[in-house]
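These notes concern the structure reproduced below.
The values are calculated or read from the model by the stated rules, or taken from the named source; none is laboratory data. On a predicted model such as this, the values are computed, not experimentally measured, just so you know. Every residue, glycine as well, gets a Cβ built from its backbone with ideal geometry; the counts of neighbours run over all protein chains shown. Side chains included, ligands, DNA and RNA excluded: accessible areas come from the protein's heavy atoms. Shrake-Rupley method; radii C 1.70, N 1.55, O 1.52, S 1.80 Å.
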Amino acid sequence: MLSKACRRGIVTMASAELPSSSSPALQFQVLAQQGRARTATMKLPHYTAETPMFMPVGTQGTVKGLTSEQMQELDCHVILGNTYHLGNRPGPELVAAMGGLHSFINWPRGMLTDSGGFQMVSLLHLADITEEGVTFQSPVDGSRMLLTPEESIGIQNDLGADIMMQLDDVVPATNTDLARFEEATHRTTRWLDRCIAANKRPHEQNLFPIVQGGFDVSLRQLSMQQLIARNAPGYAIGGLAGGETKDMFWRVVAQCAAGLPPGKPRYVMGIGYPLDILVCSALGADMYDSVYPTRTARFGVALVDTGVMKLKNAAFAKDMRPIDESCSCMTCRQYTRSYLHHVVTRGISSASILVTYHNVAYMQGLTRRIRQAIKEQRLPDFTRAFLTGMFPAGNVPQWVVDALDVAGISLEGVAKLKPAHSFYEEVQAVQRIPAV
Amino acid sequence: MDKLRPDAQMVQINAMQFIHLPSPDIIKSFGRSVHHYLGIPSWPVFASNRDPTMAEYFSAKSSNNTAVYATLYTGGTQVTPERYMQAIAALQPDMYVALADEVPGDARPKRVGQSVDRTIKWLDECLQHHQAMQQQLLQQQQDEAAAPLPDPQLFAAVMGAGSEQERQRSAKVAAERDVAGFALCGFGMGEPAAARPALMAAALQHLPADKPRVVVGLATPEEVLEAVAQGIDLFDCSYPTHATAQGYALCFPLQPQQEQQQQQQECADADCGADDSKLNLWSLQYRTDKRPLVQGCSCFACRNHSRAYLHHLLHTHEMLASVLLELHNTHWWLGFFGAIQEAIQAGQLQQYIAWFKQRRQGLQQLPEGLIEAGAGKGQSWHKL
């Protein structure tokens, strides 16, 4: 797995220099670092994953049309299950009776479940947050229900995933009330304590806290302080659910990645755009999840290094090339854009499976390339080449230029714009590193 | 697809899908046969003149003497023999059915006669194009001297709907032509099942015994068995496709020994349209059932997943449900044909058919209580 160069590199560095941590159900070992980025192994009860890692979302116990065997072929290490959906159907007791989610869906590798809170707030009209928990109207019969931290963990214990997420107080990014963010920060910590107390299986299942604080530097700092004090096996960076600008987004990731313990995994929730994953990895994050690659596939949109390929476009009707000539996935080896165009335009649902397969292969390939680049100490070159491919005219967005500058990667010669941020003044706690 | 080997031997496509979008020109520009275009290069391909899984609507717009009116994804369009053969030439299937004028099972005598006449005329036109196509392929072969020469085999369409006389006439003329095989069309189009054997026999008596016969559109295993007994060789897989669409997993025993094993298993819930030939995975009785769809089945779905998981996938409307069910149902259906072949080779076909039919009829004799509960009510909208 590691190239000879890397192995040599690691032998000459004392392994004590590379961050690591050991918790009852998670062992994290950084293998190589460059700038703020790092690549690591994360040993979980069901599987040893490699980071940076993308986790496809298997909302209802399946990743949209792909079999468990295909997901393994595609080199997925960890997939996500949604507690809200699975908690409704088939329900936690049934999953527990089936031997846990792994056994129920026959997935032998890593699994992560979210808390259920986010879906509730985003999917349900009458969701309301109190100190007790999230109150909402049951989608089944309209009756008033309450999801408490204890219940969320109870359901997640029944599902049995390797990593569980705490129930957090989620504030929409569009909210401008600082007091609300402050309330959410403190409440999230209180709920974390309740989640920890409720965890019946701390030696088999990891519980990750979720850093809050909105877009306020000191609130984020405070949240991190409080959560780190609980000595969790890993941490998530929350509150970046969409609605915020990219400018706000990267700053939070940069601050939190730098502020969280280096020896533990850092999970940015809800990130799926390839560009975002590259930038966040450069800033020091390790784990990502999103429905984006699999959802966009169902609209006939394929992911490639230069951006997206909208297969429904008539231009592809006669294009006999594969989606991506450099991709070795089954879809690219066997099917042309022309064929895919014709089947996706007819709304044949199984046609979307071919694009889904490619998109998952793409994401796994992208994270593999990022890991390899870090191991071989060439992440800056990789990043510049990637951005040149994606923005051949040099119009890399300002936020990317700024974020990568903080990550220590210069886009000289690749981007027309120059860094124009004052991040290090805004977040004094983060040390400047030179951009190479 | 590879998971269906070794039982699966050939893939069926609908030639009409390649009349427009993708058009023959597009396939030609691809430069290789349909096998490669569809990503199934190692599978022989049979191109039918219609899709057996879909009920065609006979609208006000219909065929005329020069063309069939076909309903494509892009809308309705007239398809002449020339246009049809352009598609066939581009596709280069291993076998294909000539253009036919299909009519419903209850068409009037005049219309039936017309369909026989037109189909004969179009057969001759297709044959001309077929010869031209063969010339061209030979030319290509000489030019490129590359892969083995594609040699599409033409099957004549035998029409006649519900008229034994017309069936005979159509068969006689088709038999006189230089074709590779025969497609008995117009079955599964609303004709009464009881009339079918006589209609088939009327055509078959005039067809040569040394050429393959295909029938598409038959519904149940029993209908297939009857057709096999009469001398039909090739069938489609619309039955497992329909079963999948309705959430059924096929489980009818393929051999008498299997039947005994199954009787020891739980009885299926007759109220939801199931019987011991198929399970309705929507039924709540499977909610916590950890067993595979069918005990002992070697298909991918049964080896890797439980009834409970399939049940969950159906209820959450997940695509994976139909992926797994279709795998199982197609595997099971193909296993059925394996059993039929074995029975024929052992000289035991009649016994096999008798056993199979008696088993199904036996199901109708249910204990009193169940009859009251509504057993036998379970008739799904598509005959399964």
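Assorted remarks:
- Inter-chain neighbour count for B:281-289: the average number of beta-carbon atoms from partner chains within 10 Å of each residue's beta-carbon is 1.
- Pairwise FRET efficiency - B:M10 versus A:E17, Cβ, R0 = 56 Å, nearest 0.05: 0.35
- Over every Cα atom in chain B, the radius of gyration and the widest Cα-Cα span, Dmax, amount to 22.1, 74 Å.
- Value of [θ]222 nm, deg cm²/dmol, for chain B, DSSP H segments ≥ 4, -39500 (n - 2.57) each, nearest 500: -14000 deg cm²/dmol
- Per residue accessible area in Å² of the range B:1-159, where ligands, DNA and RNA are left out and the probe is 1.4 Å: 49 Å²
- Around A:A420: net Lys/Arg minus Asp/Glu count, Cβ-Cβ under 10 Å: -1
- The residues of the range A:176-280 present an accessible area of 35 Å² per residue when probed at 1.4 Å with all protein chains retained.
- Based on alpha carbons, the Rg and Dmax found for the range A:199-353 are 19.9, 59 Å.
- Measuring between their Cα centroids, the range B:1-77 and the range B:90-164 lie 14 Å from each other.
- Taking every C-alpha pair closer than 8 Å and separated by at least 6 residues, the mean separation divided by the residue count of chain B gives a relative contact order of 13 percent.
- Farthest toward the positive end of the dipole of the range A:301-421, out of A:C327, A:L379, A:V400, is the Cα of A:C327, where the dipole comes from beta carbon charges about the Cα centre.
- Along its principal axes, the range A:50-92 has C-alpha extents of 30, 21, 13 angstrom, given from the largest down.
- Radius of gyration and maximum dimension Dmax of the range A:68-181, Cα, Å: 15.5, 48
- Cα pair distances exceeding 17 angstrom across the range A:11-88, given as percent: 58 percent
- Under 11 Å, Cβ to Cβ, from A:G100 - net charge with Lys/Arg +1 and Asp/Glu -1: -2
- Square roots of five times the Cα gyration tensor eigenvalues for the protein assembly as shown, Å: 58, 33, 22
- Put the Cα centre of the range A:409-436 next to the Cα centre of the range B:181-259 and the gap is 72 Å.
- Cβ neighbours within 10 Å from other chains - mean over A:335-341: 4
- Given charges at beta-carbon only (K, R positive; D, E negative), |dipole| of chain B in Debye: 280 debye
- Structural descriptor for chain A: relative contact order 16 percent, calculated from alpha carbon pairs under 8 angstrom and at least 6 residues apart.
- Compactness of chain A as Cα Rg over 2.2 N^0.38 Å, two decimals: 0.96
- For B:312-322, mean number of other protein chain Cβ atoms within 10 Å: 6
- Protection proxy ranking of A:294-300, A:427-433, A:24-30 - average other beta-carbon atoms within 10 Å, highest first: A:294-300, A:24-30, A:427-433
- Taken along its principal axes, the alpha carbon cloud of the range A:118-237 reaches lengths of 42, 39, 18 Å, longest axis first.
- Euclidean distance of C-alpha centroids, the range A:346-368 and the range A:316-338, integer Å: 12 Å
- Summarised in one figure, the compactness ratio Rg/Rh of the range B:106-246, Cα atoms and Kirkwood Rh, is 1.04.
- Portion, in percent, of the accessible area of the protein assembly as shown that falls on carbon or sulfur, probe 1.4 Å: 52 percent
- Mean residue ellipticity, 222 nm, helices only, chain A: the sum of -39500 (n - 2.57) across DSSP H runs of n ≥ 4, divided by residue count and rounded to 500, is -12000 deg cm²/dmol.
- Prolate/oblate/rounded label for the range A:258-334 (Cα gyration tensor, a/c 1.5): prolate
- Principal semi-axes in Å for the range A:60-127 [√(5λ), Cα gyration tensor, largest first]: 23, 15, 9
- Summed buried accessible surface, chains B and A, 1.4 Å probe, nearest 100 Å²: 2800 Å²
- The residue among A:Y273, A:T39, B:A195 whose Cα reaches farthest toward the positive pole of the charge dipole of the protein assembly as shown, with charges on the beta-carbon of Lys, Arg, Asp and Glu, is A:T39.
- Burial ranking of peptide ranges A:77-84, B:126-133, B:46-53 (average Cβ count within 10 Å, highest at the top): A:77-84, B:46-53, B:126-133
- Whole-angstrom Cα spans of the range B:36-115 along principal axes, big to small: 44, 25, 24
- Relative packing of A:410-417, B:286-293, A:397-404, which averages over residues the other C-beta atoms within 10 Å, highest first: A:397-404, B:286-293, A:410-417
- Placing unit charges on the Cβ atoms of the charged side chains and taking the dipole of the range A:56-141 about its Cα centre, the candidate lying farthest along the positive direction among A:S138, A:T62, A:P90 is A:T62.
- The residues neighbouring A:R190, those whose beta-carbon lies less than 12 Å from its own, together hold a net charge of -3 under the Lys/Arg +1, Asp/Glu -1 convention.
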